[in-house]
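These notes concern the structure reproduced below.
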Amino acid sequence: MPETSLPSWVATNRHVVAWDDGFRPSGASAADAAPAPGKMVVDQPKTAPGLFRIVENAVPDAVAGDLYESAVAAKVWGVYIRTSDVFDRQLEAYPETKDDHARHTLALRTIRAFLLGAEAIPAADWAATHGVVVWVITSTVSDTVAYHMDYAEMFRYQTNVTYPPMYGATLHVSRLNETPESHMEGGAFYANTRGLDHYKEHGYKESVAPLPSLDQMTTDASYVVVPYKYKRGIVMDGNFPHGSIPVSALPYDTARVVVGFNLFNHEIGPHAEAYPEHSAKFNKYVKVAQAAAAKTATLSMASIKRCPRQAAFLRFLLRKAKEKNLIQNATFVGRSSNTAAT
């Protein structure tokens, strides 16, 4: 089970403040099982705080097509691309000896086309960026993305320190809403530009207070609601809480695929790189948890007391797997790490 102690910068970084969003990850509990106090990293230095930008035709058709096919084949995957690789013009493709080399190469192409080529990210901020987590998620009718903040998830679980990315981005790669036959109902993206102030009011997945209705969002200037559109990219400040409304109708032969990006600075980047969300490494732990699901249901009090962090970690992985639709009918449906991107 991955564990970490608090890095020294948690105590010295003046941007780390006490924070309670209503979620207390059990993996961050002390030996006496008391929840670790929550902290949030605020006011990260960046050249464009409050950024929200929509980029149309953000990637070539070939890149969008490869992303769609890869996502449909695997359902979900994630990788971490270092900034040094993004700017290494000698690097066109990762060697086959690298785990998930095809997905890494596809992610690299996408970053260069969208975030770099379209100048979606301010140039001055790349020097402060350690790397980019890139993931793909495939959704169908009734799927939704709950209100949330992006952050280094495994690090939060281990420490209860929420460290958002500098910037976040999404990219739409399904050929939806281009013709009457490709019409999708629902599935729009929303974000609130009040950032952490809004998140403090509503908390982890609305645990503090519920969000307004979609109709109310559209009349509130602090919300931005963006319909799904093929090759549309959205770039925003990493402090903006966001989500998507449920998909209520899709063409029978098309999935809604979203590509996500988080740019992490040099302080938290190595932690995000160790366990990128949706990655094969993360999913390996999900599969272990799924295989142990029957055991977790019958854990005795004695075994929990002997290994409280292990029991908590299994419960955490099962919850994450269900949130990401990786477990269906008690079966893990994610692909293994040797599944190539297409």
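Here, each number is a calculation from the coordinates, and none is a lab measurement. Given the structure is predicted, the values throughout are model-derived calculations rather than measurements. With ideal geometry, Cβ positions are generated from the backbone for all residues, glycine too; neighbour counts draw on all protein chains shown.
The phi-based Karplus calculation (6.51 cos²θ - 1.76 cosθ + 1.60; θ = phi - 60°) puts the 3J(HN,Hα) values of the stretch 7-20 at x, 4, 5, 4, 7, 9, 6, 6, 8, 8, 10, 5, 7, 10 Hz, whole numbers, x for Gly and Pro. Residues Glu96, Glu273, ranked from the fewest to the most other C-beta atoms within 10 Å, line up as Glu96, Glu273. Pairs of Lys residues in the stretch 41-289 are counted when their Cα atoms are under 25 angstrom apart and they lie 8 or more places apart or on different chains; the count is 12.
Is the shape of the stretch 149-189 best called rounded, prolate or oblate, per the rule: a/c under 1.5 gives rounded, else a/b larger than b/c gives prolate, else oblate, with a ≥ b ≥ c the square roots of the Cα gyration tensor eigenvalues? Verdict is prolate for the stretch 149-189.
Projecting label points 7 angstrom from Cα along Cα→Cβ for Ser222 and Thr254 puts them 3.5 nm apart. Legend: calculated FRET efficiency, His266 to Val208, from the Cβ-Cβ distance at R0 = 35 Å, rounded to 0.05, equals 0.65. Normalised size of the stretch 41-289, defined as Cα radius of gyration per 2.2 N^0.38 Å with N residues, equals 0.97. Using a simple spin-label model with pseudo-atoms 7 Å out from Cα toward Cβ, Lys98 and Ala127 lie 2.5 nm apart. From the alpha carbon centroid of the stretch 91-131 to that of the stretch 162-194 is 20 Å. Around the Cα centre of the stretch 114-226, unit charges on the Cβ atoms of Lys, Arg, Asp and Glu (plus for the first two, minus for the last two) sum to a dipole of about 320 debye. Between Thr140 and Thr12, what's the calculated FRET efficiency when r is the beta-carbon distance and R0 is 35 Å? Round to 0.05. It comes to 0.15. Residue exposure proxy: His130, His183, His101, ordered by other Cβ atoms within 10 angstrom of their Cβ from fewest to most, comes out as His183, His101, His130. Counting charges near Val208 (Lys, Arg +1; Asp, Glu -1) among other residues having Cβ under 10 Å from its Cβ returns a value of -2.
For the stretch 200-205, putting each phi into the Karplus relation 6.51 cos²θ - 1.76 cosθ + 1.60 with θ = phi - 60° gives couplings of 4, 6, 10, x, 4, 6 Hz, in residue order, rounded to whole numbers and with x for Gly and Pro.
Each residue in Val59, Val76 was given a count of other beta-carbon atoms within 10 angstrom of its own, and listing them fewest first yields Val76, Val59.
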